[in-house]
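Worksheet for the structure shown next.
The values are calculated or read from the model by the stated rules, or taken from the named source; none is laboratory data. Worth saying up front: this structure is predicted, and the values here are computed from it rather than measured. Here Cβ is always computed from backbone atoms with ideal geometry, including for glycine, and neighbour counts include all displayed protein chains.
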Amino acid sequence: MSVRYSYLKDQFANADDLWAELKKFVASGDFTLGKPLREFEVNFADLIGVKHAIGVNSGTDAIKISLKAAGIQPGDEVITAANTFVATVGAINELGARPVFVDVDDTFCMNVDLIEEKISPKTRAIVPVHFTGYMVKMDKVMEIASKYNLKVIEDACQGILAEWQGRKSGTWGLTGAFSLHPLKNLNVWSDGGMIVTNDDQVASEIKLLRNHGLIDRDHVEILGYNSRLDTFQAVVGNWLIPQAKEISEKRILNAKKLDEGLGKLTQIRIPERLKDMRIVFHLYIVFAQNRDQLLAYCKQHGVEAKIHYPVPIYRQKALSVFSGDQHFPITDFHADNIISFPCDQHLTDMQLSEIISVVTDFYQKWPS
């Protein structure tokens with residue numbers, strides 16, 4: 001039995017009602033900042049529990065535009081995680097700001113106890129990354145931000161409906177940035193992003209920034225970007241958003257089943273599942289002995305496992321100008337020892353059992 005990683009064929013295999021909605025939408029010609037987008041923004045805000053949600057063209061732009069609205073300028077320093085995806089640091093760099101890296105802990109999120117030592121007179125913001133579906137311990141982040149008068153922009157691109165101490169990702173900072181990329185837990189058919197905030201003034205500025213700074217067709221209030229979420233994609237989003245809570249619950253259930261099976265193996269270490277955290281498992285990651293051999297074995301036997309990520313962002317060539325000769329030991333350990341398995345809502349119990357069986361078979365042949 002094969003266990004694929006991408007679930008998109010399953011997700012949209014029976015979508016006749018969505019195709020009907022899209023056909024009606026195309027006939028309307030309401031393509032730019034259209035009614036379905038406004039509806040999606042309201043629906044998304046309701047899902048997260050915030051006053052405002054503003055659609056933009058990617059999760060990357062959701063971070064960038066949030067930082068711009070927070071007043072980040074060239075030469076400013078922005079603290080973020082050493083293990084994040086390139087989009088986080090790319091968004092910081094686009095504004096001419098400098099990413100400053102912090103090591104992580106075994107939740108795959110930044111170690112909040114290491115933040116203060118990275119603060120300098122140039123520090124203006126913190127971008128905590130809710131990586132893999134875990135959450136940064138945001139109470140501590142907000143305490144530090146208040147102490148040093150820093151803005152907090154949450155990179156919640158992998159953390160939709162995750163919670164820390166009963167409060168959702170994206171609702172702690174000035175804004176929360178979400179991705180709607182096809183492989184995110186709430187997804188559309190192309191790139192897409194959403195910014196959430198409870199600040200009326202910030203929401204108004206973000207709406208200007210995403211649409212060239214136009215207050216109407218003929219008047220440019222500020223210089224902005226062309227970063228509107230396509231209304232076509234909002235139709236897809238409106239079709240999927242009623243399933244969002246069910247999707248996260250199914251991923252949590254699948255992760256529990258994998259934990260129970262893989263956790264019996266001495267060669268696998270399950271990351272701590274914190275009781276105050278709702279982990280939504282955008283990625284299901286464990287620590288594995290003989291990781292590279294296990295990865296190859298899984299692929300040879302039909303289980304499409306992955307590594308997120310084999311080369312940490314701070315060690316990438318493009319980031320050397322920022323990271324210099326710094327080393328982040330936990331980030332490096334993760335890069336050498338983690339493995340990701342499918343955990344999506346469309347997996348069957350047989351497929352989950354197959355993952356466990358293949359990994360178990362491998363360690364019977366590679367006992368240590």
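Observations, loosely collected:
- Checked against (1) under 30 Å from Val358 (Cβ atoms); (2) more than 22 Å from the chain's Cα centre (by Cα); (3) surrounded by 14 or more Cβ atoms within 10 Å (Cβ to Cβ); (4) polar (S, T, N, Q), Thr266 passes all but a single condition, namely (3).
- If you go through segment 194-220 and keep only what is closer than 24 Å to Val50 by Cβ and either among the hydroxyl-bearing types (Ser, Thr, Tyr) or assigned to a loop (DSSP other than H, G, I, E, B) (or both), you end up with Thr197, Asn198, Asp199, Ser204, Arg210, Gly213.
- Evaluated against (1) surrounded by fewer than 17 Cβ atoms within 10 Å (Cβ to Cβ); (2) under 28 Å from Trp19 (Cβ atoms); (3) outside the structural domain of Leu294 (by TED's automatic domain parsing), Glu249 falls short on exactly one condition, (3).
Residue-wise test of (1) within 30 Å of Ile92 (Cα to Cα); (2) in contact with a Pro (Cβ under 7 Å, 6 or more places away or on another chain); (3) modelled with pLDDT of 95 or more; (4) not β-branched (Val, Ile, Thr).
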| residue | (1), (2), (3), (4) |
| --- | --- |
| Glu304 | no, yes, yes, yes |
| Pro310 | yes, no, yes, yes |
| Tyr314 | yes, no, yes, yes |
| Ala318 | yes, no, yes, yes |
| Ile338 | yes, no, yes, no |
| Gln351 | no, no, yes, yes |
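- In segment 142-185, the residue that is farthest from Gly71 (Cα to Cα) out of those that are outside any loop (DSSP other than H, G, I, E, B) and of a type in the set (Gly, Ala, Ser) is Ser179.
- All helices (runs of 4 or more DSSP H) inside segment 222-307 with 2 or more residues being in contact with a Leu (Cβ under 7 Å, 6 or more places away or on another chain), of a type in the set (S, T, N, Q) and closer than 29 Å to Lys137 by Cα: 244-262
- Within segment 335-358, the set of residues being touching a strand residue (DSSP E or B) at 6+ places or on another chain (Cβ under 7 Å) and within 16 Å of Asn290 (Cα to Cα) comprises Asn337, Ile338, Ile339, Ser340, Phe341, Val358.
- Conditions (1) in a helix (DSSP H, G or I); (2) surrounded by fewer than 24 Cβ atoms within 10 Å (Cβ to Cβ): number failed by Gln73: (1)
- Residue check, Ala305 surrounded by fewer than 14 Cβ atoms within 10 Å (Cβ to Cβ) and either touching a Gly at 6+ places or on another chain (Cβ under 9 Å) or not acidic (Asp, Glu) (or both): no
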